[in-house]
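Engineer: Encoded as structure tokens, here's the structure I'll be asking about.
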Amino acid sequence: MSTVKITPSAASFATSIKHLAGIQLPRLQNTIFTSNSTKFRAPRRAFTVSMAASLDTPLEVCVKQSITTPNKLGDCPFTQRVLLTLEEKHLPYDMKFVDLSNKPDWFLKISPEGKVPLIKLDEKWVPDSDVITQALEEKFPEPPLTTPPEKASIGSKIFPKFVAFLKSKDPTDGTEQALLDELTAFNDYLKENGPFINGNEVSAADLSLGPKLYHLEISLGHYKNWSIPDSLSYVKSYMKSIFSRESFINTRALKEDVIEGWRPKVMG
């Protein structure tokens, strides 16, 4: 079983978090990537102080393994949502790679449905990105990522419209326009309420939508030579902002994996 350990901080802080807000920790020692007996060293990172800095044991997370590159994270947007939450909350975590095309027995014992993401919290394995991110918010409330209920569903219809358009083989079936309608509505929302879904700060809704837009951009560009129109400038700026965050860069799938991951749906 291959693992990757990510440790944002190993220190504990007794001082109130409000007095530490914005302080930057010294750069960390290199993280160790472990695959059987082989060790790889990852680039150093710097993280902002948070209440989660006192977490001594990394949280175990089962993730999809890359289908194009050994010992790399795969292309599941729901897994990236969980990893983004861990990164934004500065929580150390240990990724356990799972080959979903040949699921190992140890994984099926803890996930009978054979799905990722899966995280171990309080000695129990918890499935489903919705449940996981809510549990993380309750257990580690700082920094807060909750999106107000009235804003939580903003942009949520984009993903199913994207999938329908990607799978469509009939250019006249209206799936492209349906996607454009949702993107336009989101663009209008951002124009009045942005730059993020909850205003000036990134929240849980952005961490859910961002990976899906990443898949949209790559897969539609590859399979349909399609891109979001320049007229939707607020959406494009939003994507640029989300995609350039350190947390996103640390957890994004390889472009090749996104392309290969969607191939069965496109060709089916």
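The values are calculated or read from the model by the stated rules, or taken from the named source; none is laboratory data. This is a predicted model, so every value here is computed, not measured. So basically every Cβ, Gly included, is an ideal-geometry build from the backbone, and we count neighbours across all protein chains shown. Calculation scope for accessible area: heavy atoms of the full protein, side chains included, ligands and nucleic acids excluded. Shrake-Rupley method; radii C 1.70, N 1.55, O 1.52, S 1.80 Å.
Engineer: Please determine, by comparing only the residues of the range 249-268 that are over 17 Å from Leu209 (Cα atoms) and of a type in the set (A, V, I, L, M, F, W, C), which one is most open to solvent (accessible area, probe 1.4 Å).
Structural biologist: Kept after step one, since they are over 17 Å from Leu209 (Cα atoms), are these residues of the range 249-268: 254-257, 259-268.
Now drop any that are not of a type in the set (A, V, I, L, M, F, W, C), which leaves 254, 259, 262, 266-267.
Details: Leu254: 59, Ile259: 20, Trp262: 21, Val266: 21, Met267: 122 Å².
For the range 249-268, the residue satisfying everything is Met267.
Engineer: Across the range 135-149, what is the number of residues that are under 18 Å from the mean Cα position of the chain (by Cα) and not in a loop (DSSP other than H, G, I, E, B)? Break it down into steps so the answer makes sense when it comes.
Structural biologist: Taking the range 135-149 first, the residues under 18 Å from the mean Cα position of the chain (by Cα) are 135-137, 140, 143-147.
Okay, now just the ones that are also not in a loop (DSSP other than H, G, I, E, B), so 135-137.
Count: 3.
Engineer: Take the residues of the range 156-173 that are within 30 Å of Glu87 (Cα to Cα), open to solvent by 20 Å² or more (accessible area, probe 1.4 Å) and of a type in the set (A, V, I, L, M, F, W, C): which is nearest to the chain's Cα centre (by Cα)?
Structural biologist: Looking at residues that are within 30 Å of Glu87 (Cα to Cα), open to solvent by 20 Å² or more (accessible area, probe 1.4 Å) and of a type in the set (A, V, I, L, M, F, W, C), I get Phe159.
Engineer: A further question follows. Give the range 92-118 a look and list any residue that's more than 14 Å from the chain's Cα centre (by Cα) and of a type in the set (A, V, I, L, M), or say none. Step through it out loud before you land on a result.
Structural biologist: Narrowing the range 92-118 to residues more than 14 Å from the chain's Cα centre (by Cα): 92, 94, 96-115.
Within the range 92-118, Val98, Leu100, Leu108, Ile110 meet the criteria.
Engineer: Right, next: Give the number of residues within the range 70-81 that are modelled with pLDDT of 95 or more and open to solvent by less than 50 Å² (accessible area, probe 1.4 Å).
Structural biologist: Let us first name the residues in the range 70-81 that are modelled with pLDDT of 95 or more, namely 72-81.
Then drop every residue that is not open to solvent by less than 50 Å² (accessible area, probe 1.4 Å), which leaves 73-77, 79-81.
Counting residues in the range 70-81 that are modelled with pLDDT of 95 or more and open to solvent by less than 50 Å² (accessible area, probe 1.4 Å) gives 8.
Engineer: Among the candidates Asn225, Asn200, which residue alone is of a type in the set (S, T, N, Q) and at positive phi?
Structural biologist: Numbers: Asn200 fails: at positive phi.
Unique residue meeting the criteria: Asn225.
Engineer: Which condition does Gly261 not pass, out of (1) over 26 Å from Pro144 (Cα atoms); (2) touching a helix residue (DSSP H, G or I) at 6+ places or on another chain (Cβ under 6 Å), if it passes all the others?
Structural biologist: Going through the list (1) over 26 Å from Pro144 (Cα atoms); (2) touching a helix residue (DSSP H, G or I) at 6+ places or on another chain (Cβ under 6 Å), Gly261 breaks only (2).
Engineer: Residues Glu182, Glu192, Glu176: which one is modelled with pLDDT of 95 or more, among the acidic types (Asp, Glu) and loosely packed, with under 13 Cβ neighbours inside 10 Å?
Structural biologist: So the residue among Glu182, Glu192, Glu176 that is modelled with pLDDT of 95 or more, among the acidic types (Asp, Glu) and loosely packed, with under 13 Cβ neighbours inside 10 Å is Glu192.
Engineer: Mind listing whichever residues of the range 64-92 are hydrophobic (A, V, I, L, M, F, W, C) and either in contact with a His (Cβ under 6 Å, 6 or more places away or on another chain) or assigned to a helix (DSSP H, G or I) (or both)? Can you show your working first?
Structural biologist: At the first step, the residues of the range 64-92 found to be hydrophobic (A, V, I, L, M, F, W, C) are 67, 73, 76, 78, 82-84, 86, 91.
Residues satisfying the conditions are Phe78, Val82, Leu83, Leu84, Leu86.
Engineer: Look through Leu207, Leu216, Leu232 and report the one residue that is aliphatic (A, V, I, L, M) and either over 18 Å from Ser156 (Cα atoms) or under 11 Å from the mean Cα position of the chain (by Cα) (or both).
Structural biologist: Just a single option satisfies the conditions, and that option is Leu207.
Engineer: Okay, next question. May I ask you to say which residue of Lys224, Lys236 is open to solvent by 30 Å² or more (accessible area, probe 1.4 Å) and touching a residue at least 24 places away in the same chain (Cβ under 8 Å)? Talk me through it step by step, then tell me what you get.
Structural biologist: Values: Lys236 fails: touching a residue at least 24 places away in the same chain (Cβ under 8 Å).
Exactly one of Lys224, Lys236 is open to solvent by 30 Å² or more (accessible area, probe 1.4 Å) and touching a residue at least 24 places away in the same chain (Cβ under 8 Å), namely Lys224.
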